[in-house]
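Working notes, beginning with the structure itself.
What follows draws every value from the coordinates through simple rules; no lab data is involved. A quick note: this is a predicted structure, and the numbers were derived from the prediction, not measured. With ideal geometry, Cβ positions are generated from the backbone for all residues, glycine too; neighbour counts draw on all protein chains shown.
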Amino acid sequence: MLYLGNNYPIGIFDSGVGGLTVVRSLLDQLPGEHFIYFGDTAHVPYGSKEQHQLFAYARDIIAFLISKKVKAIVVACGTHSAVTVPHLKNDYPIPILGVLKAGARSVVRTTHNGKIGVVATSATVKSQAYTSEILQLNKDLQVFEQACPRFVPLVESGQIDSDDSLQAIKEYIQPLLDRQIDSLVLGCTHYPFLAPQIKNYVGEGVALVDPSCETIEELKAILAAQDMFNQETGNPTREFYVSGQDDSFYNVGRLLIGDIIDQVQKINLD
Ligand code: DGL
């Protein structure tokens, strides 16, 4: 594996603000690392896209991030982690990791009754990647997947606490509660922004699993194994790029993770 240098940034991408849930964990667990975030807002939502479109977007974004000399890429998107990452990750000379394996590992550790719910985008649910990953870890578990196409537009527009989000939560989550799940994977990176509202609905009996924390643990292990942590002592740089609307990403992004988003640059990869 070719590494470019300790002090080079981590690349992160998603369709929009969802990957900021992974940024939150990165800031928490690896605060000294530089990073470059790409929000593909020209193509959000990913969850309704065809596989060939997702492959094209992933290749363009990875090429862009590699041109910025990133030392590793975190694909902060459940949909890409399910559909493209398993096929693409060995095509590049740097580590590329998704969030799905981390989410599966976390929930397998969390469940007590063996009944797991997964909420994710339509494309992720269609792939059944969560079910197969979880069953590879423990074939005796039961997995129930639920697509939640209304969540991403609600998060992208900053409508976290609206009547529409509460209604959508009820509609999508109740069928999983009816299956007596005790753990629920938030299998799209946008969804942890709705976690307080979802928790309110499911109650104490259901544990919510946000894959981002375990994903950054995995990244840490990769960097540690190669002695690749940033050694510089100054303030790390954080750059944000989008392919579509930059003002909406700036406003909603700051609402969700605060003023770490200082500036957003618009760039056309097509
Ligand atoms: N946040 C991404 C995911 O985890 C993409 C969601 C979307 O754009 O539909 O799946």
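Starting from region 26-47, keep only residues that are away from the ligand (no atom under 16 Å from the Cβ), then list their pairs with residues that are among the aromatic types (Phe, Trp, Tyr) and assigned to a loop (DSSP other than H, G, I, E, B) whose Cβ atoms are within a distance under 8 Å, requiring at least 6 positions of separation or different chains.
Final answer for the pair search is Leu30/Phe229; Gly32/Phe229; Glu33/Phe229; His34/Tyr8.
I need the full set of residues from region 152-187 which are in contact with a helix residue (DSSP H, G or I) (Cβ under 8 Å, 6 or more places away or on another chain), of a type in the set (D, E, K, R), over 19 Å from Val118 (Cα atoms) and surrounded by fewer than 19 Cβ atoms within 10 Å (Cβ to Cβ), in order please.
Asp161, Asp164
Say we look at region 208-222 and pick out the residues that are among the β-branched types (Val, Ile, Thr) and part of a helix (DSSP H, G or I); which of these is nearest to the chain's Cα centre (by Cα)?
Just the residues of region 208-222 that are among the β-branched types (Val, Ile, Thr), to begin with: 209, 215-216, 222.
In the following step, the residues that additionally are part of a helix (DSSP H, G or I) were identified as 215-216, 222.
Details: Thr215: 9, Ile216: 11, Ile222: 18 Å.
The extreme case among them is Thr215.
Of these, Lys101, Lys68, which one is within 24 Å of Phe229 (Cβ to Cβ), among the basic types (Lys, Arg) and within 16 Å of the ligand (Cβ to nearest atom)? Talk me through it step by step, then tell me what you get.
Working: Lys68 fails: within 16 Å of the ligand (Cβ to nearest atom).
Only one candidate qualifies: Lys101.
Provide a single number: the residues in region 87-126 that are within 24 Å of Val202 (Cβ to Cβ), over 13 Å from the mean Cα position of the chain (by Cα) and among the hydroxyl-bearing types (Ser, Thr, Tyr).
4
Can you name the residue in region 38-59 that is closer than 14 Å to Ser81 by Cα and of a type in the set (Phe, Trp, Tyr) and is also surrounded by the fewest Cβ atoms within 10 Å (Cβ to Cβ) among such residues?
Selected residue: Phe55.
In contact with a strand residue (DSSP E or B) (Cβ under 9 Å, 6 or more places away or on another chain) and closer than 14 Å to Ala120 by Cβ: is that true of Leu184 in this structure? Spell out the reasoning first.
Numbers: in contact with a strand residue (DSSP E or B) (Cβ under 9 Å, 6 or more places away or on another chain): yes; closer than 14 Å to Ala120 by Cβ: yes.
Criteria met by Leu184.
Just to be sure, is Tyr130 within 22 Å of Val74 (Cβ to Cβ) and within 16 Å of the ligand (Cβ to nearest atom)? Working first, answer last.
Numbers: within 22 Å of Val74 (Cβ to Cβ): yes; within 16 Å of the ligand (Cβ to nearest atom): yes.
Yes; evaluated as a whole, the condition is true for this residue.
Only one of Ile66, Ile62 is crowded, with 20+ Cβ neighbours inside 10 Å and over 14 Å from the mean Cα position of the chain (by Cα). Can you tell me which?
On the way: Ile66 fails: crowded, with 20+ Cβ neighbours inside 10 Å.
The match here is Ile62.
Residues are listed down the side, and each one gets a yes or a no for (1) more than 21 Å from the chain's Cα centre (by Cα); (2) more than 16 Å from the ligand (Cβ to nearest atom); (3) of a type in the set (Lys, Arg); (4) assigned to a helix (DSSP H, G or I):
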{"site": "Ala168", "(1), (2), (3), (4)": "no, no, no, yes"}
{"site": "Glu204", "(1), (2), (3), (4)": "yes, yes, no, no"}
{"site": "Ala224", "(1), (2), (3), (4)": "yes, yes, no, yes"}
{"site": "Thr233", "(1), (2), (3), (4)": "yes, yes, no, no"}
